[in-house]
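First comes the structure, then the notes that go with it.
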There are 2 protein chains.
Amino acid sequence: MVASRNGGPPMPYDENHVSRSEGRRRMPEEIPPPPWRRPKKAPPRVPLTQDRIVVTALGILDAEGLDALSMRRLAQELKTGHASLYAHVGNRDELLDLVFDIVLTEVEVPEPEPGRWAEQVKEMCRSLRRMFLAHRDLARIAIDRVPLGPNGMVGMERTMNLLRSGGLHDELAAYGGDLLSTFVTAEALEQSSRNPGTEQGREQAGVFADQLHGYLKSLPATSFPNLVHLAGPITSLDSDRRFELGLEIIIAGLLAGAGEAADDQVRTAGSPPAES
Amino acid sequence: MVASRNGGPPMPYDENHVSRSEGRRRMPEEIPPPPWRRPKKAPPRVPLTQDRIVVTALGILDAEGLDALSMRRLAQELKTGHASLYAHVGNRDELLDLVFDIVLTEVEVPEPEPGRWAEQVKEMCRSLRRMFLAHRDLARIAIDRVPLGPNGMVGMERTMNLLRSGGLHDELAAYGGDLLSTFVTAEALEQSSRNPGTEQGREQAGVFADQLHGYLKSLPATSFPNLVHLAGPITSLDSDRRFELGLEIIIAGLLAGAGEAADDQVRTAGSPPAES
DNA sequence: ACCTGAACACCGTTCAAGT
DNA sequence: ACCTGAACACCGTTCAAGT
């Protein structure tokens, strides 16, 4: 039914890298060194590779967030000098590109099944959303980045395949994929920005919503009749509901344009579908 | 027809603040000081206010971008020590809140006219987009911020008024405003990130699009049939076209939900409108 | 070839001390 | 009351020097 993007397990990278006991991995079993061969103080150091750097960076991101992910902090975790990192990644920005690409592995894009188009598009978007919610601050990394890494390309191919199976013409499929992923990213960003962890974050968000509700209700009704009237709906939508609502709107919009010709669709002014 | 948000001129704040000739404003005319009253080396200094700080910050943003807008750079422009700023703004983040709110003054939200709903929603979004494109990196500031400042509240009130005039039920109006502004912000962000200034930025973007087109075309057609097929549409959409397409999609989606009841709309699975 | 230390040119924020 | 200098605890990136 639903295919993992590379056929392997959903999370092929090692997440245990933040532990402090590295460097003895090469030995298959734990044998004490012979006493006449006195141990170097830093035994067989596992060499620095781009993979280790990226995986460790993701670990810091998950545990402490984007602001904690500095080149110096990362080097410390890897027990190197921070300048050494530049031999393998070139840039902090490039590093974030790589981190983003590696987590895209977790996203599942369904193989098209006839008659289930809308539902499958939703499944894809929900999977993408789950990825964002599973990795702290990842939405902040993704929001101004185009996923052109290897996993990004595979995801894009599968996404185009799914979107076109619903009858979207070329231009609408090409842009629709962008629009959907932008939507999911932006929604995840907004959710995580006012809900930092998962600890008491839900409560914190609730307190803020209550305060905002009180504030909106307290506005002068002559100048702000709509905000006073809508104080409830504006503040009561939780993240899940917002997400599903937005998904519904965009998918309906895509389907409304599905049959039309590409070229005159944009130039003509209105022509929305009938109101239900 | 179209009302400016506060009835005044569209840009009520002074933009000439980056000039280096401040401090003699208090004198109505230019009179040389009497020779026995020897001039202090720094004559009547104009006092630091939150307004001056915010306006100057916007000037730096426009001219040099968000990364150049540091507290130290800002203090230098204002001829103060950087620590002095904290007496008036508390925070760099709070400063950015204030900058964002001040430019919201430029956005025009139309007074509803019967029969022109879709077109008026587009006008509002285009006005918002113009604001973003007029101020370098403003989209980066806006993307993770909820506009709760005075100008933000006024804009929200007017937006809710317009959206409800089209028959959207409360929840859809409340969320629709969010969705539209998120869309405009994200699209402006993407445009400005690959198109830094306006100088040769369009050419730079064109070169990138050509490279990407060549790359997509060169992919193995057996693994990436859709990307190879869609190389044209994916890379040929310019920013204006993307924007109008997305607007069309979202508005169509909003109208599709306009007549439905709020409560079971989200829970029910599919039920999209007929395909044209 | 790979890694390191040290240096460069910056940051945001705080706070005791001055006027 | 408002402003300042100096300090604190950081940044990303470069580069000559080492092994």
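The values are calculated or read from the model by the stated rules, or taken from the named source; none is laboratory data. Values in this document were obtained by computation on a predicted structure and should not be read as measured data. When we count neighbours, we look across all protein chains shown, and the Cβ atoms used for this are built from the backbone with ideal geometry, even at glycine. SASA here: full protein model, heavy atoms, side chains in, ligands and nucleic acids out. Shrake-Rupley method; radii C 1.70, N 1.55, O 1.52, S 1.80 Å.
Annotations for the structure displayed:
- Residue match in the stretch B:136-156 (condition: farther than 23 Å from A:L227 by Cβ, more than 15 Å from DNA strand C (Cβ to nearest atom) and open to solvent by less than 30 Å² (accessible area, probe 1.4 Å)): yes
- Just one of the listed residues (B:D51, B:D14) is surrounded by 10 or more Cβ atoms within 10 Å (Cβ to Cβ) and at pLDDT below 50, and it is B:D14.
- Residue selected from the stretch A:73-97 under the condition under 16 Å from A:V146 (Cα atoms) and open to solvent by less than 50 Å² (accessible area, probe 1.4 Å), by the criterion farthest from the chain's Cα centre (by Cα): A:L95
- Members of the stretch B:159-181 found to be within 19 Å of the chain's Cα centre (by Cα) and more than 8 Å from chain A (Cβ to nearest Cβ), listed by number: B:T159, B:G177, B:L180, B:S181
- Some residue of the stretch A:182-196 being modelled with pLDDT under 95, more than 8 Å from chain B (Cβ to nearest Cβ) and part of a helix (DSSP H, G or I): yes
- Per the conditions (1) among the hydrophobic types (A, V, I, L, M, F, W, C); (2) touching an Asp or Glu at 6+ places or on another chain (Cβ under 9 Å); (3) more than 22 Å from B:L219 (Cα to Cα); (4) surrounded by 15 or more Cβ atoms within 10 Å (Cβ to Cβ), the sole criterion not satisfied by A:V121 is (2).
- Residue within the stretch B:96-108 that is more than 13 Å from DNA strand C (Cβ to nearest atom) and either in contact with an Asp or Glu (Cβ under 8 Å, 6 or more places away or on another chain) or within 13 Å of chain A (Cβ to nearest Cβ) (or both) present: yes
- All positions within the stretch A:69-94 that are out of contact with any Leu (no Cβ under 6 Å at 6 or more places or on another chain), in a helix (DSSP H, G or I) and near DNA strand D (Cβ under 7 Å from one of its atoms): A:R72, A:R73, A:H82, A:A83, A:Y86, A:R92, A:D93
- Scanning the stretch A:207-246 for residues that are closer than 21 Å to A:L189 by Cβ, at the interface with chain B (Cβ under 9 Å from one of its Cβ atoms) and open to solvent by less than 40 Å² (accessible area, probe 1.4 Å) returns A:L212, A:I234, A:T235, A:L237, A:R241, A:R242, A:E244, A:L245, A:G246.
- Test set (1) within 12 Å of DNA strand D (Cβ to nearest atom); (2) open to solvent by less than 30 Å² (accessible area, probe 1.4 Å) - A:F100 fails condition number: (1)
- Looking only at the stretch B:104-118, residues that are crowded, with 21+ Cβ neighbours inside 10 Å and in contact with a His (Cβ under 9 Å, 6 or more places away or on another chain) come to 0 in all.
- Residue within the stretch A:150-172 that is in contact (Cβ under 8 Å) with a residue 24 or more places away in the chain and within 16 Å of DNA strand D (Cβ to nearest atom) present: no
- Only one entry in A:R130, A:R92 is more than 16 Å from DNA strand C (Cβ to nearest atom) and in contact (Cβ under 8 Å) with a residue 12 or more places away in the chain, namely A:R130.
- Scanning the stretch B:111-155 for residues that are among the β-branched types (V, I, T) and assigned to a loop (DSSP other than H, G, I, E, B) returns B:I143, B:V146.
- The residue that is nearest to the other protein chains (Cβ to nearest Cβ), counting only those in the stretch A:54-72 that are open to solvent by 50 Å² or more (accessible area, probe 1.4 Å) and within 15 Å of DNA strand C (Cβ to nearest atom), is A:D67.
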